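Have a look at the structure below before the remarks.
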Amino acid sequence: MLLVRIAWRSLWRNRRRSILAISAIAFAVMFAVVRLGFDEGTFALSLRTAVRSSTGYIQIQKIGYYENPTLQKSFTVTRQIRTDIKTDPLIEGSSPRIQAGALLSYRNHSLGAMITGVEPKSENLVTDFRRKVVEGTFLDNDSIPEIVVGYRLLRNLGAKVGDSLVVLGQGYDGVLGNMFVRVVGAFRTGSGEFDRTGAFMSVPVLQNFLDMGNSVNAVALSVGSPDDVAKIVKRLDPLLKPEGLVAVPWQELLPQLSQTMGFSHAAHILFLSILFAVVGFGILNALLMSVTERFREFGVMLSIGMSNSRLALTTAIEMIFMVVIGFVMGNIAGAAINFYFMKHPIVLGGSMGSFVHEWGFQPIVPSSLSAGIFVTAGTIVLAITVAAAIYPLWRVSRLEPLKGIRYT
């Protein structure tokens, strides 16, 4: 306890010196929290926008369907599957899906399309397809043969909302069939390929057209947090495998998105590493100054009997006080900034905002208060501070009494 009291009193003997060192640590923590908060907020928003514009966070599929999707790899959603989904507290919603290639015709124009069968009432829980409609409406009736198509596909067909198209496709049994459907809406997702080839129909209408009975190709699931995806997949897989099914996470459903986000995250980590290396030198300078300007004092303490090891330990405790105070101050300041930008995200304007919106993303840059941010920031700054403190403490442990007293 004596060394702790000495360290605490020594910390405030020169307030200007201590405040400078604490400020350097607090700034590093604050900067790490703010930077990681923006990264986490941007990643979370981009991921949510991407998965809710396509596959959902998780899909229940027949084993092997993802590698080779065919109508024959379909399944019936049993009561047990519905129970497993509803009883999982981490799952917020589910919606069945059917994927089928078809030919859409209007007058003298015919184009290939990938039709996605959805359940209009439950689809809102999983995706934001309804919000992507730019003309007309989304599907509202399960039994009426209606279709919503990409705006580019509708334009290329030379049709408009309200017209009737002919759908030609191969059913579950391999027999070609056709039917008339009325265009009730056009959507725009920002994905050029999907806007050019995508279309939506209700699951019951598509099941009847393809002669699939009550079977579907997948069940899309929504979750409250992307961090829960791995837990849900691990929990569902043992329940689904006896029925020949598997839970596929978004990382496998959207591999390009996963790779892009991984690369972007690595680039951010590299940038932060370079920046924190510079900050580390600032902390080293503050700690070294805190030690070297007291060499005369240390020399006197050594000359009256204090050992080098106890002196180094006292100095280390003093530095721990600096780190703790700087860490708390930095976290409070960083959390306040992140909270503000969570409530008031940065809005991208001009050509940049238009470009981002064109690709189907919200033109905003939000922050986050995820617990992982504070853990990561604290670990980084703690590692930097410990590394920066090694040399000053080594100087103290090697100090000789006479050289300390004569130090200028």
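Annotations
- In the range 129-153, the residues that are farther than 11 Å from VAL118 by Cα and free of Cβ contacts under 8 Å to residues at least 60 places away in the same chain form Cβ pairs under 8 Å with partners that are part of a helix (DSSP H, G or I) and among the small types (Gly, Ala, Ser), at six or more places apart or across chains, as follows: ARG152/GLY192.
- For the range 286-333, filtered to residues that are at pLDDT 80 or above and aromatic (Phe, Trp, Tyr), the residue that is surrounded by the fewest Cβ atoms within 10 Å (Cβ to Cβ) is PHE321.
- Residue count for the range 1-24, restricted to those that are closer than 30 Å to ILE269 by Cβ and touching a Ser or Thr at 6+ places or on another chain (Cβ under 6 Å): 1
- The range 97-156: number of residues that are acidic (Asp, Glu), farther than 19 Å from GLY190 by Cβ and in contact with a strand residue (DSSP E or B) (Cβ under 7 Å, 6 or more places away or on another chain): 3
- Residue, modelled with the lowest pLDDT, within the range 126-144, restricted to residues that are surrounded by fewer than 18 Cβ atoms within 10 Å (Cβ to Cβ) and under 18 Å from LEU104 (Cβ atoms): ILE144
- Test: residue in the range 228-243 that is in contact with a strand residue (DSSP E or B) (Cβ under 9 Å, 6 or more places away or on another chain) and part of a strand (DSSP E or B): no
- Of the criteria (1) under 30 Å from VAL323 (Cα atoms); (2) at pLDDT 80 or above; (3) surrounded by fewer than 21 Cβ atoms within 10 Å (Cβ to Cβ), which one LEU36 fails: (3)
- Residues of the range 195-208 include at least one that is surrounded by fewer than 19 Cβ atoms within 10 Å (Cβ to Cβ) and under 17 Å from VAL118 (Cα atoms).
- Residue list for the range 343-385, restricted to those being over 30 Å from MET322 (Cβ atoms), assigned to a helix (DSSP H, G or I) and modelled with pLDDT of 80 or more: LYS343
- Screening LEU221, LEU210, LEU206 for residues that are touching a residue at least 12 places away in the same chain (Cβ under 8 Å) and within 27 Å of GLY41 (Cβ to Cβ) leaves exactly one candidate, LEU221.
- Candidates SER105, SER74, SER94, SER46 - the one that is among the small types (Gly, Ala, Ser) and at pLDDT below 85: SER46
- In summary, LEU71 fulfils each of the numbered conditions (1) surrounded by 15 or more Cβ atoms within 10 Å (Cβ to Cβ); (2) assigned to a helix (DSSP H, G or I) with the single exception of condition (2).
The values are calculated or read from the model by the stated rules, or taken from the named source; none is laboratory data. Note that the structure is predicted; figures quoted are calculated from it, not measured. Here the Cβ is made from the backbone with ideal geometry for all residues, glycine too, and neighbour counts use every protein chain on show.
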